[in-house]
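The values are calculated or read from the model by the stated rules, or taken from the named source; none is laboratory data. Here the structure is a predicted model, which is why all the values come from computation and not from measurement. Positions of Cβ are backbone-derived with ideal geometry, glycine not excepted, and every protein chain shown enters the neighbour counts. SASA here: full protein model, heavy atoms, side chains in, ligands and nucleic acids out. Shrake-Rupley method; radii C 1.70, N 1.55, O 1.52, S 1.80 Å.
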Amino acid sequence: MKEQIKKAVDVLNKDGLIVYPTDTLYGLGADALSEEAIHKVYEAKGREYHKPLSIAVCDVEMISAVAYVDEIAEAFLNEFLPGPVTLVLKARSVLPSLLTSGTNLIGIRYPAQDVALEIINRFDSPITATSANLSGAPSPITINDALVPHDFAIDVGALKGTPSTVVDLVNREIIRPGADIERIAAMLAEWIE
């Protein structure tokens, strides 16, 4: 696996696209700080440019480097991450506006998946965390489901398949229910009261 991770990082360093495992689905990864790489993700997926892309990080420090973390966000980080949750936070200016589609908000995944974390850690920068499928196509649970153009893929077998729950902590709402929804909804409700 070490050689595969090294190859994935080499591809990322050249603005290439990788298919990598997360704790939910296979993701399409690219350098989240490179506009050229981000364009490639949109093109590969056939995704409309007005739809923002999420990113994946490997630790809390990386979250703080790319987004503003307030008291509520910190509580969610401590409770649910790493895990199958996408937190939407106010983006810092280090992130290209193409990634956020001009919303100034960024969806952040900190997956509980060793291969993903090792890739991001070795790359030492966030990568895109959109599913490795064509827009509107079924979610990629196996590597054979990842039908998007890419330069390299890491296969770890079938994944759980439940998408992450997307929680907008700026507007205090759940955008997409998914994994661990009951606990997330309960915690969000506590903070809103």
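Details
- Once region 57-79 is narrowed to residues that are open to solvent by less than 20 Å² (accessible area, probe 1.4 Å) and modelled with pLDDT under 95, the residue that is farthest from I120 (Cα to Cα) is I72.
- All told, V88 falls short of being modelled with pLDDT of 95 or more and in a loop (DSSP other than H, G, I, E, B).
- Beta carbons closer than 9 Å, at least 6 apart along the sequence or on distinct chains, pair a first residue in region 175-193 that is modelled with pLDDT of 90 or more with a second that is aromatic (F, W, Y) for R183/F80; I184/F76; I184/F80.
- Evaluation of T22 against (1) more than 17 Å from F152 (Cβ to Cβ); (2) surrounded by 14 or more Cβ atoms within 10 Å (Cβ to Cβ); (3) of a type in the set (S, T, Y) (one fails), failing number: (1)
Conditions tested, residue by residue: (1) open to solvent by less than 30 Å² (accessible area, probe 1.4 Å); (2) more than 26 Å from I72 (Cα to Cα).
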{"residue": "L99", "(1), (2)": "yes, no"}
{"residue": "I108", "(1), (2)": "yes, no"}
{"residue": "L117", "(1), (2)": "no, no"}
{"residue": "R122", "(1), (2)": "no, yes"}
{"residue": "F152", "(1), (2)": "no, yes"}
{"residue": "S164", "(1), (2)": "yes, no"}
{"residue": "E173", "(1), (2)": "no, no"}
{"residue": "D180", "(1), (2)": "no, no"}
{"residue": "W191", "(1), (2)": "no, no"}
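- Yes/no for L87 being hydrophobic (A, V, I, L, M, F, W, C) and open to solvent by 30 Å² or more (accessible area, probe 1.4 Å): no
- Scan region 25-46 for residues that are open to solvent by less than 10 Å² (accessible area, probe 1.4 Å), within 21 Å of S93 (Cα to Cα) and of a type in the set (G, A, S) and the total you get is 4.
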